[in-house]
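These notes concern the structure reproduced below.
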Amino acid sequence: MIKSLKKLILLLPCLLLSQYLLVAQEMHRVTGTVTDADGEMVGVNIIIKGTTLGTITNFEGYYELDVPSGSTLLFSFVGYRPAEYTITSSQVLDVTLEPDYARLEELVVIGYGVQRKSDLTGSVGHVRADELNTGVLTDPIQGIQGKIAGVSVTKKGGDPNAGFDIKIRGASSLQTSTSPLFVVDGVPGADPTTISPDDIESFNVLKDASAAAIYGSRGAFGVVLITTKRGAEREGSQIDFNSYVSTDFVANRLDLLTGDEYRDFVAGKPELASQFLDGGAMTDWQDEIYRRGLSQNYNLAFSGGADGTTYRASLSHSDFMGVVMGSDKSRTTARINLDQTALDNRLTISSSLSATFERNNYISYGGWGSNEILYQAFQRNPTDPVTDSDGNFYEIERVFQYYNPVNLVEQIHNERDAKRYFGFLKADLEIVTGLTAGVNLAYTRNDDEGFYFEPTTMYLGNHDGYGRRNYNNYESRVLETTLRYANTFDVHSIEAVGGYSFQEEFFTGFRADGRQPFLNYTRMHDLSLFQSVVAGRNIDSYKSSSRLISFFARGVYNYDARYFLTATLRRDGSSKFGVDNEWGLFPSVSVMWNLTNEDFMSGTGVVNNLRLRAGWGITGNQEIGVYNDLLWYRAAGTAPNFETGEESILFEFAHIANTKLKWEENEEINIGMDFGILDNKISGSLDYFIRNTYDLLGNYTVPVPPNIASRVWANVGEFRTAGFEAFVQAYPVRSANLDWRTSFTFLTYNQQVVRLSDDQFPWTRLQTGYLSGPGLVGDLNWTQIVDEDFEIGTWFMPEYAGLSNDGKFLFYTEAGGVTRNLEQAERRNVGSAQPDFELGWSNYVNFLDNFDLNFTFRGVFGYQVFNTTRMIFGNPIFLPTRNVLKDAIDEYDRGLNDNPKVSSYYLEDASFIRLDNISLGYNFSNVGRFERMRVYLASNNVFTLTNYTGIDPEISTTGLSFGLDQYNTYPKTRTVTLGVNVTL
């Protein structure tokens, strides 16, 4: 695939040359200036109608363009009425554009349709392709980070094989996923990672229940609608080529002792010197496992169309080499979108096919075991060499589970090969004027194979060896039919849609593993050579399916473009729930008052857009897996048959059946305002929301007997979330030499646990946030609590009270005294991992004719992180065997002589401000046959301002437990990117 792509790139000059050989038409040079009431306008789009040929105005509002005789020039700018002029001769054409206050015609994609932005009654966030973050995007979702109020996009570390977490308005649940529903080109449940960021036209995020209720049981945590780019009718084909190369490096490292610092410290401490074994080297183990990462991306797209047929085909390839040895990803994506109109444009057929091929190489770093690369590197004594005098990897057993991390990277193979296919065929027929019937068929198939191997030469040669192969398959089949109606009667306007949706999902897979390979050479590729394979333990497979059937309807009424009413109703039936509650009903209603069109607003002057919104709705959550409502058996190992003496498979009940298992539901109220002042030079939206999540789905413990199993899925518990979000956009400067657009996002919310149990299923507080590491023993190493009347993310632990005379940790007791025993310490509410508020600041600047500068800041404030890394590696108790942070020297000097223990001592304020993304570009237009060309330099994770002493203050706020900064997090990276975008 890479070779084929390189051939395409080499053919690009030939494609450029072919453009020069086109038969020339009679051309006219048109020049002029575009203005509005305030003067010259910068960045106005000027295209030859029916093509993508055109230009933009410079910082003096000036333009010039060669136009074929008889063509129409189209002048357009967001927030202004477009203007068209037919060209028959060379001329000076000065144009004045008028603001379009009332209509705000920008279309926003919503569930099963589109609406004008000015007509929205719910809370919807919208980001266009040209507003996305640039540079290295390992996940398309990264493009909207910091761009939409109420949408948090986070990622712990910089692993290229890990995705981003997206959380809308503090979505929370007890034991289910809180990820939003992704809808790609109208197909629900599609995987956004299979899309190249260069193929995305826009993101639309349905944030409140009144907007998301059209998706019923799948819209509980919001809906992200992704629209891909499609072709347009034009003369000839448009060719787009986008490419970048980027270098990545570790943004921040642990400040561990060097070999000389280790020796110097131990030499002055007789009690340590006698135990110290000097390995004779000076090794920076972070240098040994870290490397300079390299990422590159190539995207080639062709688009065009004529006579009712349009197309866009793209091919994209990306390589991401991680900054930790052994971690990388390559991905190739091909996509073609086809559209056809017929029957005098009454019939529209749309289709799409895409395929994604991905290869991954993984390393293990999530814990502190034998194979954990990061932990082994951090603990490795800096006097140990990497290799011995014979060139073999140096191994020594200073302590339990102490292994050379470079040797682990070299010997362990952990690979994945994935293939993903996606396609849909959609048809819309206008039966009579205003009445349109539609059908949508979609199919998704994801296959991935995993390969894992540990040779017998690991762990000082004292290892059985281990190999594993696994395969997973996912299929989704979607059928949706819709009937849409739209009409206007005098000052009354109505839009309605009703439909049926059927989606079936299938999951299959198997796993086989074994130990004691006869040959290391064949690795995991020939499992027949493994000498230890146990039936019932080393071979496993599965097959399951689920079905969702839905009926839905939405109606929108508009009176005189002033009063709007939207009502939706969806009825879902899911195979995941008990027979008594398979069907759920999810209604919503929202209203909007457009004060802008009221007579009393006509003379205000300053305010040119003001709309008030209110909405209520219920959405559901069904993300609990399958068969949890049924009583079923599962294998539980083997045992001798007492009658025959032969080995037999044991079975056990997985959990108890619950025919009343039903939907988890979110009820949400949203009150909002949209505004625009000073000719929309300042505009935005404000929203206040309250969400109650009730009938929480949980896997509860019940006594045995009288029950036949100890677990049952049930609906118990309630969470409440209340918050406020804001989006403000402004044009601080619009002059001949500088055009600056800036936007701010703000989010604050509070999550409370209302209840966790009832009379039938009592569930006391949940202890979460467990720590693991050397020196941490027993069941007291938990840090957070989920309990009634507490905020989710509450730190609940012993409060630090100092050190005893002999260097032991002291903690406060309930009686007001102090103790050195964790069992006797009082657990207190000492902080929260839930931020007080989040900010985003995005900027788009054009200056000096052809330069553009885009940058995005993001800040999270008012939360605490538990610095587990400092707790473990900042403790001098591990000297003189393991390596430690330089802070451990200070701890030694102040007398610390105790094992790591959980307390508020390691809790730190982690508020931060980060320059997430910055890019500087230079734009060329109409250079030869190039319509546009942009060369840019970009950087991600440029710098971070924080008082946090750990490597990275950023956390992912998903799940019930978060805020633990463990030493087992892939390091955050900083990237520098050089890229080019070409259109011809």
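The values are calculated or read from the model by the stated rules, or taken from the named source; none is laboratory data. These numbers were taken from a predicted model, which means no experiment stands behind them. When we count neighbours, we look across all protein chains shown, and the Cβ atoms used for this are built from the backbone with ideal geometry, even at glycine. Calculation scope for accessible area: heavy atoms of the full protein, side chains included, ligands and nucleic acids excluded. Shrake-Rupley method; radii C 1.70, N 1.55, O 1.52, S 1.80 Å.
Of the peptides 496-502, 882-888, 317-323, 204-210, how do they stack up when ordered by the mean number of other Cβ atoms within 10 Å, highest first? If you can, show how the numbers build up before the last one.
Values: 496-502: 17.9, 882-888: 20.9, 317-323: 23.1, 204-210: 27.7.
The densest-packed peptide leads the list: 204-210, 317-323, 882-888, 496-502.
What is the distance in Å between the Cα centroid of region 431-505 and that of region 886-935?
35 Å
What is the log10 of I(q)/I(0) for the chain, computed with the Debye formula using one identical point scatterer on each Cα and no solvent, at q = 0.08, 0.10 Å⁻¹?
Values returned for q = 0.08, 0.10 Å⁻¹ are -0.91, -1.40.
Just how large is the dipole of region 627-677 about the Cα centre, in debye to the nearest 20, putting +1 at every Lys and Arg Cβ and -1 at every Asp and Glu Cβ?
Dipole of region 627-677, to the nearest 20 debye: 120 debye.
In cubic angstrom, how much convex hull volume per residue do the alpha carbon atoms of region 813-940 span? Intermediate values should be presented prior to the final figure.
Working: hull volume 24.1 nm³, N = 128.
Considering the Cα atoms of region 813-940, their hull volume per residue is 188 Å³.
What order do you get for 188-198, 290-300 when each peptide is scored by the mean count of other beta carbon atoms within 10 Å, highest first? Please list the in-between numbers first.
Working: 188-198: 20.9, 290-300: 19.1.
Going by the mean number of other Cβ atoms within 10 Å, highest first, we get 188-198, 290-300.
At 1.4 Å probe radius, can you tell me the per residue accessible area of the chain in Å²?
Values: 41130 Å² over 984 residues.
Heavy-atom accessible area per residue stands at 42 Å².
Need the full-extension length gain, residue 508 to residue 947, defined as separation in residues times 0.36 nm minus the C-alpha distance. One decimal, nm. Write out the running numbers ahead of the final one.
Values: separation 439, 0.36 × 439 = 158.04 nm, distance 4.80 nm.
Taking 0.36 nm per residue and subtracting the Cα distance, the gain is 153.2 nm.
How much of the calculated P(r) for region 675-787 lies past 20 Å, in percent of all Cα pairs?
The proportion of pairs with Cα distances above 20 Å equals 67 percent.
Taking 7 Å along the Cα-to-C-beta vector as the label spot, tell me the residue 233-residue 443 distance in nanometres, rounded to one decimal.
3.2 nm
I'd like to compare 436-447, 385-396: which one has the highest average count of other Cβ atoms within 10 Å, and what's the full order after that?
Details: 436-447: 18.0, 385-396: 12.5.
Sorting 436-447, 385-396 by mean packing, highest first, produces 436-447, 385-396.
On a C-alpha basis, how far is the centre of region 200-257 from the centre of region 529-585 in Å? Whole number, if you could?
The two parts, judged by their Cα centres, are 23 Å apart.
For region 620-664, just the Cα set please: Rg and Dmax, both in angstrom.
Looking at region 620-664, its Cα Rg and Dmax stand at 16.0, 52 Å.
Over the chain, what is the mean sequence separation of C-alpha contacts under 8 Å (at least six apart), divided by residue count, expressed as relative contact order in percent? Display every interim value, and only then the final one.
Working: 2730 pairs, mean separation 114.8, N = 984.
For the chain, the relative contact order is 12 percent.
Run the accessible area of the chain with a 1.4 Å probe and give the carbon-and-sulfur part as a rounded percent.
Numbers: 22760 of 41130 Å².
Ligands and nucleic acids excluded, carbon and sulfur reach 55 percent.
Using only protein heavy atoms and a 1.4 Å probe, report how much of residue 235 is accessible, in Å² to the nearest 10.
120 Å²
Would you report the distance distribution of C-alpha pairs in region 27-96 as whole percents per 10 angstrom bin, up to the bin with the largest distance?
22, 59, 19, 0
At 0.36 nm per residue, and after removing the present C-alpha to C-alpha distance, how many nm does the segment from residue 760 to residue 660 gain when stretched out fully? Write down the numbers at each step before the final one.
On the way: separation 100, 0.36 × 100 = 36.00 nm, distance 1.31 nm.
Result: 34.7 nm gained on full extension.
Using a Förster radius of 30 Å, what is the FRET efficiency between residue 538 and residue 355 based on their Cβ-Cβ separation? Nearest 0.05, please.
Details: r = 33 Å, r/R0 = 1.11.
Working from the Cβ atoms, E equals 0.35.
In nm, to one decimal, how far is the residue 288 label point from the residue 255 one, both placed 7 Å along Cα→Cβ?
Here the answer is 2.4 nm between the modelled labels.
What is the Cα coordinate range of region 567-646 on the first, second and third principal axes, sorted by size from largest, in whole angstrom?
Sorted largest first, the three principal extents are 96, 26, 10 Å.
Could you state the angle between the C-alpha long axis of helix 2-20 and the longest principal axis of the C-alpha atoms of the chain, as a value from 0 to 90 degrees rounded to the nearest 10?
In the chain, helix 2-20 runs at an angle near 20 degrees to the longest axis.
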